[in-house]
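Enquirer: This structure is in structure tokens; I'll ask about it shortly.
The values are calculated or read from the model by the stated rules, or taken from the named source; none is laboratory data. Note that the structure is a prediction, hence the values are computed from the model and not measured. Cβ sites come from the backbone with ideal geometry, for glycine too, and all protein chains shown count toward neighbours. Surface areas here come from the heavy atoms of the whole protein model, side chains and all, with no ligands, DNA or RNA. Shrake-Rupley method; radii C 1.70, N 1.55, O 1.52, S 1.80 Å.
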Amino acid sequence: QKEVEQDPGPLSVPEGAIVSLNCTYSNSAFQYFMWYRQYSRKGPELLMYTYSSGNKEDGRFTAQVDKSSKYISLFIRDSQPSDSATYLCAMSPVVGAAGNKLTFGGGTRVLVKP
Amino acid sequence: DAGVTQSPTHLIKTRGQQVTLRCSPKSGHDTVSWYQQALGQGPQFIFQYYEEEERQRGNFPDRFSGHQFPNYSSELNVNALLLGDSALYLCASTKRSASYGYTFGSGTRLTVV
């Protein structure tokens, strides 16, 4: 079983709809939770990060973390065709002497149709 | 402000050959990590360098090795290439003290034939 599970999609929504993405994880050591967006033939771009449980909002994006359920979510409001990309969740433990590698989900491909 | 720069962008190698990929971190960053991303999958951690030493390693064989230079730039070397090594290799940089805020390069697309 993978440490981080993410539905691969594709997830197709009409323009203006809310996109809902989520990941589940098994490692209780994870404290930092991130969402990356990756366009085709590009590297991942950090969208949002959260520490421990709670919600965080940034413009059209809202990230939620429920550590008790080991479940994180990303919501994209008023979706645009330019939001079409692969969305990757990533997690890491608290920074320590051993470093802070990121553990990624497999990514969800999102298509926003005009 | 330049982000993470990787070279080359594309590379085709034959099985059994060796390859070196290069990465220049974002200005102000001192820690470099390498990831392998197979088609349709999420990036997998290879290793991380800080102060010119390998600090943490993922589940990759010894054929994968690296180096970090005093200017924080880094190289990834892969020996005895296998077809399964075909992937996008991503370099990510950050400040040592951060648990987030990684900046990724656009990657090197390696094809092994």
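Enquirer: When the residues of the stretch A:61-76 are filtered to those that are surrounded by 15 or more Cβ atoms within 10 Å (Cβ to Cβ) and part of a loop (DSSP other than H, G, I, E, B), which remaining residue is modelled with the highest pLDDT? Reasoning before the result, please.
Expert: Going through the stretch A:61-76, the residues surrounded by 15 or more Cβ atoms within 10 Å (Cβ to Cβ) turn out to be A:61-65, A:67, A:70, A:72-76.
Within this subset, residues satisfying the condition of being part of a loop (DSSP other than H, G, I, E, B) are A:67, A:70.
Details: A:LYS67: 92, A:LYS70: 95.
Per the stated criteria, the residue is A:LYS70.
Enquirer: Let me ask something else about it. Before we move on, is A:TYR39 open to solvent by less than 40 Å² (accessible area, probe 1.4 Å) and touching a strand residue (DSSP E or B) at 6+ places or on another chain (Cβ under 8 Å)?
Expert: no
Enquirer: Another question, then. Going by the conditions given, is A:VAL4 more than 10 Å from chain B (Cβ to nearest Cβ), under 29 Å from B:THR9 (Cα atoms) and open to solvent by less than 20 Å² (accessible area, probe 1.4 Å)?
Expert: Values: more than 10 Å from chain B (Cβ to nearest Cβ): no; under 29 Å from B:THR9 (Cα atoms): yes; open to solvent by less than 20 Å² (accessible area, probe 1.4 Å): yes.
Considered against the rule, which asks whether it is more than 10 Å from chain B (Cβ to nearest Cβ), under 29 Å from B:THR9 (Cα atoms) and open to solvent by less than 20 Å² (accessible area, probe 1.4 Å), A:VAL4 comes out as no.
Enquirer: Let me ask you something else. Residue by residue through the stretch A:1-60, note down the ones that are basic (Lys, Arg) and either in a strand (DSSP E or B) or in contact (Cβ under 8 Å) with a residue 40 or more places away in the chain (or both).
Expert: Listed by number, the residues that qualify are A:LYS2, A:ARG37, A:LYS56.
Enquirer: Can you tell me which residue among B:GLN48, B:GLN41 is buried (at least 21 other Cβ atoms within 10 Å of the Cβ) and not hydrophobic (A, V, I, L, M, F, W, C)?
Expert: B:GLN48
Enquirer: Right, another one. Does A:SER79 satisfy the criteria of being open to solvent by less than 20 Å² (accessible area, probe 1.4 Å) and touching a residue at least 60 places away in the same chain (Cβ under 8 Å)? It would help to see each step written out before you state the result.
Expert: Values: open to solvent by less than 20 Å² (accessible area, probe 1.4 Å): yes; touching a residue at least 60 places away in the same chain (Cβ under 8 Å): yes.
Criteria met by A:SER79.
Enquirer: Take B:SER97 and tell me if it is assigned to a loop (DSSP other than H, G, I, E, B), within 8 Å of chain A (Cβ to nearest Cβ) and surrounded by fewer than 16 Cβ atoms within 10 Å (Cβ to Cβ).
Expert: Yes; evaluated as a whole, the condition is true for this residue.
Enquirer: Take A:GLN38 and tell me if it is in contact with a Leu (Cβ under 8 Å, 6 or more places away or on another chain) and within 9 Å of chain B (Cβ to nearest Cβ).
Expert: On the way: in contact with a Leu (Cβ under 8 Å, 6 or more places away or on another chain): yes; within 9 Å of chain B (Cβ to nearest Cβ): yes.
Answer is yes for this residue.
Enquirer: Based on this model, can you work out whether B:SER106 counts as open to solvent by 40 Å² or more (accessible area, probe 1.4 Å), closer than 25 Å to A:MET48 by Cβ and either in contact (Cβ under 8 Å) with a residue 40 or more places away in the chain or β-branched (Val, Ile, Thr) (or both)?
Expert: yes
Enquirer: Taking the stretch B:33-84 on its own, how many of its residues are facing another protein chain (nearest Cβ under 9 Å), assigned to a strand (DSSP E or B) and small (Gly, Ala, Ser)?
Expert: 1
Enquirer: Being more than 17 Å from B:PHE45 (Cα to Cα) and among the basic types (Lys, Arg), is that true of even one residue in the stretch A:48-58?
Expert: Yes, that holds for at least one residue.
Enquirer: A:SER92 fails exactly one of the following numbered conditions: (1) more than 15 Å from the chain's Cα centre (by Cα); (2) within 14 Å of chain B (Cβ to nearest Cβ). What is the number of that condition?
Expert: (1)
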